[in-house]
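The values are calculated or read from the model by the stated rules, or taken from the named source; none is laboratory data. Given the structure is predicted, the values throughout are model-derived calculations rather than measurements. Cβ placement follows ideal geometry from the backbone for every residue including glycine, while neighbour counts extend to all protein chains displayed.
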Amino acid sequence: MSETHPAENTATDWAAWSREAVATMMQRNAEWPRQFGLQDSPAYRWDLDSATLVLEGPLHEVVATVCLVGTTSDSEGSFLWSWANEAIPRQHGEALEAVHDFGRENRLSLLTTPRIQGGRPEATECLGIAARLQRALGTFIDQQGDVTLYFTILHLQVAMQEDPLPN
């Protein structure tokens, strides 16, 4: 991944930059579950108000700080950025402000248009770009009925045991 800020290069190939962002996230998504012992589709739960995702591994739980980037609706055929969705707690939109600003600075309508027609491919591209700009450790996607939620993972740690060991 190039460390040069794209705004410094007037001839940026945004399609290639975007593909690179998605590829980087795919690579990171292969790494973090292995690092935390979570390879086999662990049980999970998330909470939007606290911006947390808890993954239940065989030996321990892993707690992630997440940002809900946006949602897709199968019935509407669109992706909606969290910063444009009043039903999403404000901290998620605030965490995306750098992404929104980047879109404005570089005149990238994909990052500044509240609702984008399309589905999972468009959402995955937005997710990869957001993850790149947030320097996320990875991403997480969950489906709840008609709605799919797209999260960036900003921090991961093994949960502390609540009960002290008996010996």
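Before moving on, here are some points about what is shown:
- Here Leu127, Leu110, Leu165 are screened, and the one residue that is modelled with pLDDT of 95 or more and out of contact with any Leu (no Cβ under 8 Å at 6 or more places or on another chain) is Leu127.
- Residue list for segment 126-150, filter: touching a Gly at 6+ places or on another chain (Cβ under 9 Å) and over 12 Å from Asn29 (Cα atoms): Cys126, Leu127, Ile129, Ala130, Thr148, Leu149, Tyr150
- Lone qualifier among Gly93, Gly77, Gly138 - being among the small types (Gly, Ala, Ser) and loosely packed, with under 15 Cβ neighbours inside 10 Å: Gly77
- For segment 40-50, a residue qualifies if it is outside any strand (DSSP E or B) and closer than 13 Å to Leu156 by Cβ, and exactly one does: Pro42.
- Qualifying residue in segment 151-166 (condition: over 26 Å from Arg45 (Cα atoms) and more than 14 Å from the chain's Cα centre (by Cα)): yes
- For segment 89-105, a tally of residues being touching a residue at least 24 places away in the same chain (Cβ under 8 Å) and closer than 16 Å to Gln134 by Cβ returns 8.
- Per the listing Thr65, Thr72, the residue uniquely modelled with pLDDT of 95 or more, polar (S, T, N, Q), assigned to a strand (DSSP E or B) and farther than 15 Å from Val147 by Cα is Thr65.
- Only one of the numbered conditions (1) under 22 Å from Ser41 (Cα atoms); (2) in a helix (DSSP H, G or I); (3) of a type in the set (D, E, K, R) is violated by Glu125, and that is (1).
- Qualifying residue in segment 16-29 (condition: hydrophobic (A, V, I, L, M, F, W, C), surrounded by 12 or more Cβ atoms within 10 Å (Cβ to Cβ) and assigned to a loop (DSSP other than H, G, I, E, B)): no
- From the options Val69, Val54, Val99, Val63, residue that is in contact with a Lys or Arg (Cβ under 6 Å, 6 or more places away or on another chain) and surrounded by 14 or more Cβ atoms within 10 Å (Cβ to Cβ): Val54
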